[in-house]
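The values are calculated or read from the model by the stated rules, or taken from the named source; none is laboratory data. Model, not experiment: these values are computed from the prediction. All Cβ positions, glycine included, derive from the backbone under ideal geometry; neighbour counts span all protein chains shown. Heavy atoms of the whole protein, side chains included, go into the accessibility calculation; ligands, DNA and RNA do not. Shrake-Rupley method; radii C 1.70, N 1.55, O 1.52, S 1.80 Å.
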Amino acid sequence: MPKSSVATVTTTAAIVVPALIGDQSVYLHSGSGTLYLGGADLTAANGYRMDNGDKLSIMVGDHEPLYAITSAGTATLYVLSQIN
């Protein structure tokens, strides 16, 4: 069953897609601001950049969380995930 959520992303890296058993199909939409995606070592300097309005479809591996962070202020990230 798909799971949807809205994350308020800040300057502290936080999990936006939790680690689960099984690979996940994840659909992301940056609703406001610029944010960066990555693993546990995420910073604004090494993350995958998403600007306001960007959409992204990715696979998140088994037992792997996805983190998000901003370089300043806050951003809104809409998340839809499904275990495959």
*List the relative contact order of the chain as a percent without decimals, with contacts defined as Cα pairs under 8 Å and 6+ residues apart.*
52 percent
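Excluding ligands, DNA and RNA, what is the solvent-accessible area per residue of the chain at a probe of 1.4 Å, expressed in Å²? Don't skip to the answer; put the middle values down first.
Numbers: 4680 Å² over 84 residues.
Solvent-accessible surface per residue comes out at 56 Å².
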*For the chain, size of Cβ-based charge dipole, Lys and Arg +1, Asp and Glu -1, in debye*: 200 debye
*Can you send over the carbon and sulfur percentage of the accessible area for the chain, probe radius 1.4 Å, protein chains only?*
55 percent
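For Ile58, Ile83, write out the residues from largest to smallest accessible area, computed with a 1.4 angstrom probe and no ligands counted.
So, going from the largest accessible area down, we get Ile83, Ile58.
In Å, the Kirkwood hydrodynamic radius of the chain over pairs of distinct alpha carbons?
On the way: mean 1/r = 0.0804 Å⁻¹.
About 12.4 Å, per the Kirkwood formula over Cα pairs.
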